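Reviewing the structure listed below.
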Amino acid sequence: MFETTPIIVGLDIGTSKICAVVGEISDSGSLNIVGVGQSKSRGVRKGEVVDASIVGEDIRHAIGEAEQMADTEIRSVYLGVTGGHIRGFNNRGFHPVASQDREITEDDVQDVIKNARAINLPTENKVLHIIRQHFLVDGQDGIVNPVGMLGTRVEVDIHVVHGNFNRLQTPIHAVKGLQLEIEDVVFSGLASSLALLNNHQKEMGSIVIDMGAGTTEYAVYSNGIIKHTGIIAVGGDHLSNDLAYGLKVPLGRAEQLKIEHGSALVEPEIRGHTLTLTNDHGIAEKTINLEHLRRIMSLRLDEIFQLIANELDQADLLNDVREGVFLTGGCARIPNIQKLANQVFHLPVSIGKTNSISGLKSALDQPEFAAAIGLVRFGSFETRKRLQEKPGFQSTLTQTIKQIFRRS
Amino acid sequence: MQEPTPQNDHSAPLQPLTVKIIGVGGAGSNAVAGMLRSDLGVLSALILHTNSRILTLETNAQKLVLGSRRTHGMGTGGDPEIGRAAAEDQEEMLRQFCKDADLIFIVAGLGGGTGSGSAPVVARFAKDAGALTLAVVTLPFDFEGNRRAQQSQVGLLKLKSSADAVICLPNQKLFRLLDENTPVNDTFNFSNDLMTQGVRGIWQMLNRTGLINVDFAHLRSVVQDRHTESMFASVEARGEGRVREVVERLVASPLLDEGRVLEEASDVLVSLIGGSDLTLADVNKIMDQLNRRVCEGQLILGTAIDPALHGTIRLTIIASRPTPGISHNQPANHSRSSTMEMGKSDFEAPFFDEPTVLLSQSRFKGPPPETTPENTEFLFQQQNARGGHARKKSGVKMKQELLNLEIISKGRFEKSEPTIHHGEDIDVPTYIRRGIVLN
């Protein structure tokens, strides 16, 4: 906040790669991506750190690359977290309006939010996000701001994302070990959705599925608000593992086959096609049936989509989604994945594009960067909020103190 | 304490449950004697043995030497037939003891003559007397030999058909709970202790008033006439992360086959006892985790508070799976619906004296049968067709049938925490779980 052009860095520690994206808020207030850095991730399984020292090295590498590209020094980051332990659920708080004239005041709103936030979580769990959805006044739904309305009871719906405290601390610890400060910790499924969706898409109802190597995160928006978030600890690594097992090839080779010959659908015309694998000297080693390869992939991907669809169906959300499904993350590159998702969800499916952010074209187009770009976007909201509060000595002071405590 | 008859006026004075416990054979007698020494409260207990040595056992329980006319108090020599006949000789006295009981526990170690032979007979008397009959039995160690293993299986089967439910503790599994250097004596003591815990778990569940009560009617509706074989596990965890730990320990328990029993169970009775610091959120968390493990079964929860257990959670689980051979013949629903207006007459459920097929019920799986290549092809095709039909959409639960035949490597996920979703380990390749065969 003491800098003239604030630098915002999003750091996404993924299962296959770690990426850092540097954004800059221009004088006009728009967000501009000025640098990206990435590194192969070696110490992460299913989105969670399993070897902190290697992860530290990889982070340093990614950050270094981003620093070089953006020609700046990175001191603090917005950190994306993921892992099978993270859960999202909706909660409702309620507050009776006490005043004589039944007019809802700012205090009532604060009270009702406080009530909604009083969630009984297990002690080892920590709340990551509390996102306000909308208010209800005397049962009337969909109110954005109830202040000034008349009513006897006001309610608020919030979406809570929480996870296991210790497991959330591990990546934080790894980042802090590199003398980097953490501005905030963000659930990466949420970050991806911020990067991909514009207001119209949020309003019409959209599902964002970020299918990475280790985990698949999803977020559902409708009527402009977050309705649901979730995570399944299954991703592209599982595809490779399935292939390695099913085709009896080493994991590295399976990974390569997935990238070169993979597809989410089994087309009838590939029936009987085979691939000949050669060893280092170019001598044929093994023949693989292409149909098997694709069937294994197709079944796994189909299952992941089914799991998400079932969950959303149970929460009765699929009917609210009109805009469609947006895929991102490394697995969004798999050919025909849109068609497969369309068969499962019966909704228009497209590969998500990062909108309303300008900057490096190379970074914006890649699905792998969605979460990191989303983190920058999240950071830009926070920074703008802070910049707006700047006038007034007192608020600056409290902000500073707040920051000191948050960072400690 | 809860009343077994719901139609009674609530304001009427509560009639205490009459719970009786019968220890049969050497192991059973020792276990019952142990139970009486512990904090089980006042139970009316009886121990039976064909060997007059039990008379020297120091306990408050009534003692009865079975078949003294036949064996002269020398034991059965491991012949269940003698055990059965000995128990039938004493029919009058046993029926007398079982009278007016609401719930009878039968505790025995199967494998020997008295346990395997007499326990089913005693169970039958208990059932005839109108009591809900739960048998808690141990199965012999592998080293005790083939004959005992076979006798225990036959005994178990007979017991299952006569008692309402059998809680079964295979001793062999205890090996993994115990240190290698444990003396033999301690091992058997430990096994007896486990039986005590099983009885105590149920007893406490019925007896303690708690956050969520499981009453006698509830227990009855789950077990009566189901003739199930149940597994039992009891774990305790204390300290900070106890909520998570207790479930982890439970699932890791060898008695539950690393949680596999939970997946197959049709009914799971959960008794959760904690100190006064037990919160509903804790209960919720534990149940949430258990729910995820249990595929199809219904979970029945009882929670109670024991001030002495401050900072500790004790989780006792009884998971029953139906025995196909028996429960098919048994109109389980009939008795279930009648539990609401439970009169004594409702107990006249058909009783099976001699199950016809004995060997097919063996718990030991033989090697897979030899097949010709054509036959294999045919079987695979069948499996394929099945897998194709039962797609997720239809809501049909996929079973991992293939898993038992061959060990599926989880590759790079071997060491990470498994991703369990509705009881399915989704780290295992999808095509295998859906039974789709390549080639």
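Tell me yes or no: at least one residue of the range B:110-118 is hydrophobic (A, V, I, L, M, F, W, C), out of contact with any His (no Cβ under 9 Å at 6 or more places or on another chain) and over 16 Å from residue B:46 (Cα atoms). Looking through the range B:110-118, at least one residue is hydrophobic (A, V, I, L, M, F, W, C), out of contact with any His (no Cβ under 9 Å at 6 or more places or on another chain) and over 16 Å from residue B:46 (Cα atoms). Scan the range A:308-342 for residues that are assigned to a loop (DSSP other than H, G, I, E, B) and within 13 Å of residue A:210 (Cβ to Cβ) and the total you get is 1. Taken over the range B:420-433, residues that are facing chain A (nearest Cβ under 7 Å) and surrounded by fewer than 19 Cβ atoms within 10 Å (Cβ to Cβ) amount to 1. Quick one: count up the residues across the range B:92-120 that are surrounded by fewer than 24 Cβ atoms within 10 Å (Cβ to Cβ) and β-branched (Val, Ile, Thr). Residues that pass the stated criteria total 0. Applying the condition of being farther than 30 Å from residue A:205 by Cβ and surrounded by fewer than 21 Cβ atoms within 10 Å (Cβ to Cβ) to the range A:289-312 and asking which residue is nearest to the other protein chains (Cβ to nearest Cβ) yields A:292. Looking at the range A:77-99, which of its residues are more than 13 Å from residue A:12 (Cα to Cα) and either in contact with a helix residue (DSSP H, G or I) (Cβ under 7 Å, 6 or more places away or on another chain) or crowded, with 17+ Cβ neighbours inside 10 Å (or both)? If the condition is that a residue be more than 13 Å from residue A:12 (Cα to Cα) and either in contact with a helix residue (DSSP H, G or I) (Cβ under 7 Å, 6 or more places away or on another chain) or crowded, with 17+ Cβ neighbours inside 10 Å (or both), then A:84, A:85, A:86, A:87, A:88, A:91, A:92, A:93, A:94, A:95, A:97 are the ones that fit.
Restricting attention to the range B:132-151, the residues that are under 20 Å from residue B:81 (Cβ atoms) and in contact with a Ser or Thr (Cβ under 7 Å, 6 or more places away or on another chain) total 3. What's the number of the only condition in (1) in contact with a Gly (Cβ under 8 Å, 6 or more places away or on another chain); (2) touching a residue at least 40 places away in the same chain (Cβ under 8 Å); (3) not basic (Lys, Arg) that residue A:262 fails to meet? The single condition residue A:262 does not satisfy is (1).
Can you name the residue in the range A:254-288 that is charged (D, E, K, R) and within 32 Å of the chain's Cα centre (by Cα) and, of all such residues, is farthest from the other protein chains (Cβ to nearest Cβ)? So, considering only residues that are charged (D, E, K, R) and within 32 Å of the chain's Cα centre (by Cα), the one farthest from the other protein chains (Cβ to nearest Cβ) is A:260.
Applying the condition of being farther than 14 Å from residue B:432 by Cβ and surrounded by fewer than 24 Cβ atoms within 10 Å (Cβ to Cβ) to the range A:238-253 and asking which residue is nearest to the other protein chains (Cβ to nearest Cβ) yields A:251. Do we find a residue being in a strand (DSSP E or B) and without any contact (Cβ under 8 Å) to a residue 60 or more places away in the chain anywhere in the range A:116-125? Within the range A:116-125, one or more residues are in a strand (DSSP E or B) and without any contact (Cβ under 8 Å) to a residue 60 or more places away in the chain.
Evaluating residue A:183 against the criteria (1) buried (at least 17 other Cβ atoms within 10 Å of the Cβ); (2) closer than 30 Å to residue A:9 by Cα; (3) free of Cβ contacts under 8 Å to residues at least 24 places away in the same chain leaves one unmet condition, (3).
So, of the residues in the range B:244-267 that are under 24 Å from residue A:122 (Cα atoms) and crowded, with 23+ Cβ neighbours inside 10 Å, which turns out to be farthest from the other protein chains (Cβ to nearest Cβ)? Looking at the filtered set, the residue picked out is B:262.
Regarding residue A:285, is this residue surrounded by fewer than 19 Cβ atoms within 10 Å (Cβ to Cβ), farther than 24 Å from residue A:210 by Cα, touching a strand residue (DSSP E or B) at 6+ places or on another chain (Cβ under 7 Å) and among the charged types (D, E, K, R)? Taking the combined requirement at face value, the residue satisfies it. Against the criterion of being more than 30 Å from residue A:43 (Cβ to Cβ) and not small (Gly, Ala, Ser), residue A:113 qualifies.
Within the range A:212-253, restricting attention to residues that are aliphatic (A, V, I, L, M) and farther than 28 Å from residue A:49 by Cα, which residue is nearest to the chain's Cα centre (by Cα)? The qualifying residue nearest to the chain's Cα centre (by Cα) is A:225. In the set B:149, B:101, B:86, only one residue is within 20 Å of residue B:64 (Cα to Cα) and part of a helix (DSSP H, G or I); that residue is B:86. Of the candidates A:230, A:163, the single residue that is within 27 Å of residue A:60 (Cα to Cα) and assigned to a strand (DSSP E or B) is A:163. Within the range A:195-205, can one find any residue that is within 14 Å of chain B (Cβ to nearest Cβ), touching a helix residue (DSSP H, G or I) at 6+ places or on another chain (Cβ under 6 Å) and not basic (Lys, Arg)? No, every residue in the range A:195-205 fails to be within 14 Å of chain B (Cβ to nearest Cβ), touching a helix residue (DSSP H, G or I) at 6+ places or on another chain (Cβ under 6 Å) and not basic (Lys, Arg).
Values quoted throughout were computed directly from the atomic coordinates according to the rules given, and no laboratory measurement underlies them. Predicted model, so just to flag it, every value in this text is computed and none were measured. A quick note on method: Cβ atoms are made from the backbone with ideal geometry, for glycine too, and the neighbour counts reach across all protein chains shown.
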